[in-house]
Amino acid sequence: MTAANQLVRPLPDVPRSSNETPYSYAIQVKIVRLIADYRRTFPYPPTIREIADLLDSRSTCPISTALGHLRAKGIITWDPGRARTLRIIYDRKKEART
């Protein structure tokens, strides 16, 4: 295994809430994958506008909403008021222990 492969962590499984629509859940999964792929290419995370552009969304509102849901689920976090602090924090080992 190369050093680069050791740095790549598996993507988290995005849990689905009972009140979520299939569309909003699909957007959340796409966003997590997009963030992980973006971080493999660039040394910094994407902005909300960049996520919207990459998902062909004309508005950042659904992206912001999906990011809020992912944050509430404990999959991602960011530092409010600071640019490019979005990061995936989900830990499969922690989930398995509970």
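Does Ile63 fit the bill of being under 15 Å from the mean Cα position of the chain (by Cα), of a type in the set (A, V, I, L, M, F, W, C) and modelled with pLDDT under 95? Write out each step before concluding.
Numbers: under 15 Å from the mean Cα position of the chain (by Cα): yes; of a type in the set (A, V, I, L, M, F, W, C): yes; modelled with pLDDT under 95: no.
Taking the combined requirement at face value, the residue does not satisfy it.
Residues of the range 14-46 being of a type in the set (Ser, Thr, Tyr) and surrounded by fewer than 15 Cβ atoms within 10 Å (Cβ to Cβ), which ones?
Initially, the range 14-46 is screened for residues of a type in the set (Ser, Thr, Tyr), giving 17-18, 21, 23-25, 38, 41, 44.
Ser17, Ser18, Thr21, Tyr23, Thr41, Tyr44, listed by residue number.
A quick yes/no check of all residues on (1) among the acidic types (Asp, Glu); (2) touching a helix residue (DSSP H, G or I) at 6+ places or on another chain (Cβ under 6 Å); (3) part of a loop (DSSP other than H, G, I, E, B):
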| residue | (1), (2), (3) |
| --- | --- |
| Pro43 | no, no, yes |
| Ile51 | no, yes, no |
| Arg58 | no, no, yes |
| Ile63 | no, yes, no |
| Ala66 | no, yes, no |
| Arg71 | no, no, no |
| Gly74 | no, no, yes |
| Arg84 | no, no, yes |
| Tyr90 | no, no, yes |
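The values are calculated or read from the model by the stated rules, or taken from the named source; none is laboratory data. Predicted model, so just to flag it, every value in this text is computed and none were measured. Every residue, glycine as well, gets a Cβ built from its backbone with ideal geometry; the counts of neighbours run over all protein chains shown.
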